[in-house]
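Structure, as structure tokens:
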Amino acid sequence: MEDNKYEQALAQYDTSIDDNQVKKAVESILKHRNENKTPDVMKFLLSCVELTSLKSTDSDESIMALAEKINRFDEEYPELPHVATICVYPCFASIVRDTLQVDGVEIACVSGSFPSSQALIEVKVAETALACKDGATEIDIVMSVGRFLSGDYETVCDEISELKAACGDCRMKVILEVGLIGNMSNVKKAALLSMYSGADFIKTSTGKEQSVASPEAAYVMCQAIKEYYDKTGIRIGLKPAGGLNTIEDALSYYTIVKEVLGKDWLTTEYFRLGTSRLSNLFLSEILGREVKYF
């Protein structure tokens, strides 16, 4: 049986990866992590944060209050960069659109039956299109993990392509849920298939599963991004998310991107951090005192 176009796309890349070699490569890179712990890098990492609220208790009032904090931030800390995005469920897109007043802060919505991605494609498309109509400028979707693990790459890719079409002008991040898809070979395959199908960013995890992001997965994703760029000239962004609890965690991902992809990826256009909890830690580190603003 002839390979389908998705298998042909994967065949252009080396997806046979030794997990132990990846671990050793990451350990070598992270020896230089603390060299990057500078005030300028701290400010940059703050500017990469996607300030997120994805709770069952979210309400119009709580999301409005979060957006208002971003509005006031420029007044209270005029010397510091603002966060990259505010990320919410699609039902709050219009609230953020009508409340947010800061230029340059994107409105991101998780969509496509986040976090499971277990829904009819028609439902995923409708939710995505409505989020964009209501003010989202970026969309985060989850790759269909079950179908990927079953080897149904055609459905995985077709869904991503349909959702990309529904995004219109919105940039689309595809979440691989790396902790659930097994080995690093699968991480690279999922990354390549997502990019091939229209992802503007690839993202490690939803943060809603026990298995979350790892530096090793981010390293392999960066390799995939680099190889895809070398073949196509298309630059894809990276968003680590899930399990980022410390400044050292953020520095690990920064260092991996710096070493594998280079400075062209160290901009808010191509590097994001899915971690609201680090916002105050970055602020405290920059200002030299404990700050609990967000």
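Taking 1 over the mean of 1/r across every pair of different Cα atoms in the chain, what Kirkwood radius in Å do you get?
Values: mean 1/r = 0.0518 Å⁻¹.
Every distinct Cα pair counted, the radius reaches 19.3 Å.
Using the structure shown, list the pairs from K31/K263; K37/K164; K5/K203; K24/K203 with a Cα-Cα distance above 26 Å, or answer none.
Working: K31/K263 19 Å; K37/K164 36 Å; K5/K203 24 Å; K24/K203 22 Å.
Pairs exceeding the cut-off: K37/K164.
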Worksheet item: Long-range amide H contacts for M172: which residues qualify at under 5 Å (H placed 1.01 Å from N, peptide plane, sequence gap of 5 or more or a different chain)?
Response: I139, D200, F201
Discussion item. With the crude spin-label approximation of a point 7 Å out along Cα→Cβ, what separation in nm comes out for E7 versus N34?
Written reply: 5.0 nm
Response to the item:
The ³J(HN,Hα) series, computed from each phi in the range 160-166 with the Karplus coefficients 6.51, -1.76 and 1.60 at θ = phi - 60°, rounded to the nearest Hz and given as x for glycine or proline, is 4, 5, 5, 5, 4, 5, 5
Item to complete: Please work out the C-alpha center-to-center distance from the range 6-80 to the range 179-229 and express it in whole Å.
Response: 14 Å
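Among 111-122, 31-42, 77-88, how do they line up by average Cβ neighbours within 10 Å per residue, starting with the highest? Provide the component values of the computation, followed by the final result.
Values: 111-122: 18.0, 31-42: 13.7, 77-88: 19.8.
Result, highest mean first: 77-88, 111-122, 31-42.
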Item to complete: Work out from phi, with θ = phi - 60° and the Karplus expression 6.51 cos²θ - 1.76 cosθ + 1.60, the ³J(HN,Hα) of each residue of the range 278-293, listed in order in whole Hz, and give x for Gly and Pro.
Response: 7, 4, 5, 5, 4, 4, 5, 5, 5, 8, x, 8, 5, 10, 10, 8
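How many times 2.2 N^0.38 Å is the alpha carbon radius of gyration of the range 172-239?
Working: Rg = 10.9 Å, N = 68, 2.2 N^0.38 = 10.9 Å.
Here the answer is 1.00, to two decimals.
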Practice prompt. Let me know the charge dipole size of the range 114-158 about its Cα centre in debye, to the nearest 20, where only the beta-carbon of Lys, Arg (+1) and Asp, Glu (-1) is charged.
Written response: 60 debye
Worksheet item: Which of the listed residues, F271, L261, T85, is farthest toward the dipole's positive end in the chain, when Lys, Arg count +1 and Asp, Glu count -1 at the beta-carbon?
Response: L261
Discussion item. How large a share of the accessible area of the range 20-167, in percent, is made up of carbon and sulfur atoms when the probe is 1.4 Å and the other protein chains stay in place?
Written reply: 49 percent
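Ignoring ligands, DNA and RNA, how do S150, S28, S56 rank by accessible area with a 1.4 Å probe, largest first?
Numbers: S150 100, S28 60, S56 130 Å².
From most accessible down to least: S56, S150, S28.
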Item to complete: Would you please give the residues with an amide H less than 5 Å from that of E177, counting only those at least 5 places away or on a separate chain, with H modeled from the backbone geometry?
Response: S205, T206
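How much area per residue is accessible in the range 237-294 when the probe is 1.4 Å and only protein heavy atoms are counted (Å²)? Could you put the intermediate results ahead of the total?
Working: 2250 Å² over 58 residues.
That works out to 39 Å² for each residue.
Could you size up the charge dipole of the chain around its Cα centre, putting +1 on the beta carbon of Lys and Arg and -1 on that of Asp and Glu, and report it in debye to the nearest 20?
580 debye
Add -39500 (n - 2.57) for each DSSP H run of 4 or more in the chain, then divide by its residues: what number comes out at 222 nm, to the nearest 500 deg cm²/dmol?
Values: 12 runs with 139 residues, N = 294.
Taking each H run of at least 4 residues, the total per residue is -14500 deg cm²/dmol.
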Discussion item. Sort 163-174, 278-289 by packing, meaning the average of other beta carbons within 10 Å per residue, with the highest value first.
Written reply: 163-174, 278-289
Worksheet, complete the sentence: The farthest towards the positive end of the charge dipole of the range 1-125, of the residues S47, N71, L120, given +1 on Cβ of Lys and Arg and -1 on Cβ of Asp and Glu, is S47
Response to the item:
Interchain or sequence-distant (5+) residues whose placed amide H lies within less than 5 Å of the amide H of T52 are C87, S276
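The values are calculated or read from the model by the stated rules, or taken from the named source; none is laboratory data. Because the structure is a prediction, the values reported are computed rather than measured. Quick reminder, even Gly has a Cβ in these numbers, built from the backbone with ideal geometry, and neighbours come from all protein chains shown. Note: accessible area is taken over every heavy atom of the protein model, side chains too, but ligands, DNA and RNA are not part of it. Shrake-Rupley method; radii C 1.70, N 1.55, O 1.52, S 1.80 Å.
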